[in-house]
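To start, the structure itself, in structure tokens.
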Amino acid sequence: MAIDPVCKMEVGERTAKSKSEYKGKTYYFCAPGCKKEFDDNPEKYIKKSEKHQPPPYGVC
């Protein structure tokens, strides 16, 4: 499962309604509106999603 970076909804990679490539990474979206929002300003959503990522293994 992937997390839609715009609305934070869980999305299956195979069942995602839309997807985008940005800086070598694929992002999956629950709806075309979320994809458009991301495509208009991807850095806004990448920075938000990075803040919510757990630290790498062994970093506490």
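Working only within region 31-40, note down all residues that are farther than 21 Å from T15 by Cα and surrounded by 10 or more Cβ atoms within 10 Å (Cβ to Cβ). Spell out the reasoning first.
Keep residues of region 31-40 that are farther than 21 Å from T15 by Cα, which gives 40.
Residues satisfying the conditions do not exist here.
Can you say whether T15 is part of a loop (DSSP other than H, G, I, E, B) and among the polar types (S, T, N, Q), as far as the supplied structure shows?
Working: part of a loop (DSSP other than H, G, I, E, B): yes; among the polar types (S, T, N, Q): yes.
Yes; evaluated as a whole, the condition is true for this residue.
Just so you know, all these numbers are worked out from the coordinates, no wet-lab data involved. Small disclaimer: the values here were computed from a predicted structure and weren't measured. Virtual Cβ from ideal backbone geometry, glycine too; neighbours counted across all protein chains shown.
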